[in-house]
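Everything below concerns the one structure shown next.
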């Protein structure tokens, strides 16, 4: 996986999450806090959405953490942010550690 692949996944997850936030009228952070505390939907028709929403939010957080770890690793190797941007802008693959 490359940094660009990871970013594309993050963008897709953000789009999916935004749809749920618009539909239910709360930010994912608010929803997720209640979801992990065991709060159940008041409408049975929401169960699938809530499960998918929570899964997308968890995956987004994992990908964001992986992105930060990758950037920090590159910085630790002496790469500047400008150098990373230059490489990414040229569409050169930037490997992401597993």
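Take every pair of alpha-carbon atoms less than 8 Å apart whose residues are at least six positions apart; their mean separation over the length of segment 3-89 yields a relative contact order of 42 percent.
Label points 7 Å out from Cα along the Cβ direction at residue 80 and residue 43: separation in nm? Each label point is offset 7 Å from its Cα along the Cβ direction, giving 5.3 nm.
Report, in deg cm²/dmol and to the nearest 500, the calculated mean residue ellipticity at 222 nm for the chain, where each DSSP H run with n ≥ 4 adds -39500 (n - 2.57) and the sum is divided by the residue count.
-24000 deg cm²/dmol
With the simple spin-label model, which puts each label point 7 Å out from Cα in the Cβ direction, the residue 89 to residue 22 separation comes to 3.2 nm. Peptides 39-47, 70-78 ordered by packing proxy, namely the average of other Cβ atoms within 10 Å per residue, highest first: 70-78, 39-47. Computed across segment 11-67, the Kirkwood radius stands at 11.6 Å (inverse of mean 1/r, all Cα pairs).
Under conditions of 4 °C and 1.567 mPa s, the chain yields 85 µm² s⁻¹ as its translational diffusion coefficient, taking Rh as the Kirkwood radius over Cα pairs in the Stokes-Einstein equation.
Each reported figure results from applying straightforward, stated rules to the coordinates on display, with no laboratory input. Everything numeric in this text was worked out from a predicted model, so none of it was measured. Using ideal geometry, Cβ is built from the backbone for each residue, glycine included, and neighbour counts are taken over all protein chains shown.
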